[in-house]
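The values are calculated or read from the model by the stated rules, or taken from the named source; none is laboratory data. The shown structure was predicted, so the numbers you read here are calculated from the model rather than taken from an experiment. All Cβ positions, glycine included, derive from the backbone under ideal geometry; neighbour counts span all protein chains shown. Note: accessible area is taken over every heavy atom of the protein model, side chains too, but ligands, DNA and RNA are not part of it. Shrake-Rupley method; radii C 1.70, N 1.55, O 1.52, S 1.80 Å.
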Amino acid sequence: PNDPATAQSAVLNWDERYSVEHSQWLTFYRDLLALRQERIVPLLGLIQAGAAAWHIQASSVLTVDWPLTDGRTLRLTGNLGPKSFLTNSKLENDFDSLDIISISPYAQRKGNGVELEGWGVMWAVVPK
């Protein structure tokens, strides 16, 4: 940022991390980073180069698939809008067979699909 006021507004006040609200957010992001390290990073070397595919289920719902060399698929489904959306059950396969890495707290199973709340996200591994 060129404007000094903009640059100053982006500087973190590290003392705020001790307040309840800020410490909860810090814990949330630390947990997400640990989950990424534990569950997603080990799969990165298995991704088939150039084989990723994406599908838009609605104007705000995006699914990205990264096929893995062992026949599984790393999948990210994100609802990038404010309204809840029932994902396409054909894309979600049989929900019970998915290895859910992370799912938004208010997501709900509906048939073979998942209803993601506004701004909700689901990371999963789809079996062979």
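Extension gain for the segment Ile100 to Ser23, taken as residue separation times 0.36 nm less the Cα-Cα distance, is 25.1 nm to one decimal.
Taking each residue as 0.36 nm, the span from Gln48 to Ala7 lengthens on full extension beyond its C-alpha to C-alpha distance by 10.7 nm.
With the convex hull drawn around the C-alpha atoms of region 1-90, the volume per residue stands at 199 Å³.
In the chain, taking the dipole from charged Cβ atoms about the Cα centre, the farthest positive-side position among Ala107, Tyr18, Gln48 is held by Gln48.
For the chain, give the percent of accessible area contributed by carbon and sulfur heavy atoms, probe 1.4 Å, rounded to a whole number. Using a 1.4 Å probe with all protein chains present, the chain comes out at 57 percent carbon and sulfur.
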